[in-house]
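For reference, the structure is listed below as C-alpha cells.
The values are calculated or read from the model by the stated rules, or taken from the named source; none is laboratory data. This structure is a prediction, so every number in the text was calculated from the model and none was measured. Methodologically, a virtual Cβ is constructed for each residue, glycine included, from the backbone with ideal geometry; neighbour enumeration extends over all protein chains shown. The accessibility values were calculated without ligands, DNA or RNA, using every heavy atom of the protein model including side chains. Shrake-Rupley method; radii C 1.70, N 1.55, O 1.52, S 1.80 Å.
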Amino acid sequence: FAFSMQDLLLQGLRIEGNVAFNASEIEKSSFLASEGKHWVRIPKSRANLQASYRPADAWMFSVALRRSGRQYNTLDNIDSNPDVFGGVSRFTMVDVRASFLASEQLEFALGVDDLTAEEWFQARPMPPRTVFAEVRWNAE
C-alpha cells in the first residue's frame, strides 16, 4: 500500500508513505532445516512515512519515519537475538533534512539520518545518528 498527498492541509506540504507486509517462506530447499522458514533479510513488515514542506520555491524541509520489522540472517531462522553482531534488527528511525536552492544549478542541504541514534544491526552494527551536508551542482 502506498499513498501521496499534496497541499492537503497546507500549501507546499507533501505527505507520502508506504506499508508492505511480506510473507516470504522457503517452500523447498536442499537445506531441509530452512523449509517453511522466512527468507533471509526480508522484513515481515516495512513502512515509511515522509512529510516535506516547501514554503517557497528555494526552500524545502522534510522529516521521514522509517520502520522495518523482524528479519532473519540465517536460512533456518535460528538467529534468536537480532540485536547483536550477525543479527538483523527491527528498527524505527527518524530522518530530517533542509535544503536551499541557491540557483537553478546550485543546491545546499543539511540533514540528520537516524535522529534518535537507534542502535541496530544488519549483520554488523549500523552507524547511529549521521549528520550530513550536501552541495549539488547541476551543469545542465
Boolean, Pro82 is under 17 Å from the mean Cα position of the chain (by Cα), of a type outside the set (Val, Ile, Thr) and more than 30 Å from Met5 (Cα to Cα): no
Conditions (1) closer than 17 Å to Ala51 by Cα; (2) in contact (Cβ under 8 Å) with a residue 24 or more places away in the chain; number of the one not met by Asp114: (2)
Residues (open to solvent by less than 50 Å² (accessible area, probe 1.4 Å) and in a strand (DSSP E or B)) located in the range 105-131: Leu106, Glu107, Ala109, Gly111, Val112, Phe121, Gln122
